[in-house]
């Protein structure tokens with residue numbers, strides 16, 4: 001699975017991508033709004049990616065799709081995007097290293113991911129979950145066509161591209 005954009009290449013994530021992504025993800029600032037700790041080691045990250053590369057949840061009822069985001073100009077890994085695809089919808093997320101933020105990468109990668117999910121898999125509704133204080137991710141979500149809802153999931157606001165209910 002490969003998705004090309006003007007400036008980026010999204011490539012199906014494998015355990016081997018841990019070497020390139022470890023220095024990007026080894027940053028406590030990335031977990032400020034997610035609560036995630038940096039990976040302990042390249043080996044631990046490789047193990048996590050090996051599970052993700054199976055492309056199925058342990059129960060087998062969801063697709064777990066993950067792509068390493070690389071700049072096309074130099075092939076450098078700058079983050080990843082992911083989609084958890086269920087029977088009725090998909091939940092998407094993006095992580096871009098702090099050194100690469102504020103360059104439009106999350107917006108370009110997120111928009112490409114959404115288009116691919118709609119076109120290639122026929123997913124009709126896409127959702128994201130964003131910490132209520134994470135303004136940068138809210139900005140990305142709005143730019144790629146998601147809007148906030150009144151729903152919450154683990155304290156995060158659910159954003160969606162589903163049609164707004166009548167009267168809202």
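Here, each number is a calculation from the coordinates, and none is a lab measurement. Quantities reported herein were computed from a predicted structural model and do not represent experimental measurements. Every residue, glycine as well, gets a Cβ built from its backbone with ideal geometry; the counts of neighbours run over all protein chains shown.
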Cα convex hull of segment 122-161, projected area averaged across orientations, nm²: 2.8
Measure of compaction for segment 1-89 (Cα Rg per 2.2 N^0.38 Å): 1.12
Semi-axis lengths (Å, descending) of the ellipsoid that matches the C-alpha gyration tensor of segment 2-160: 22, 18, 17
Ranked list, fewest to most other Cβ atoms within 10 Å of each Cβ, for 48, 70: 48, 70
Sequence-separation-based contact order of the chain, relative, with Cα cut under 8 Å and 6+ spacing, percent: 18
Span from the segment 39-74 Cα centroid across to the segment 118-168 one, whole angstrom: 23
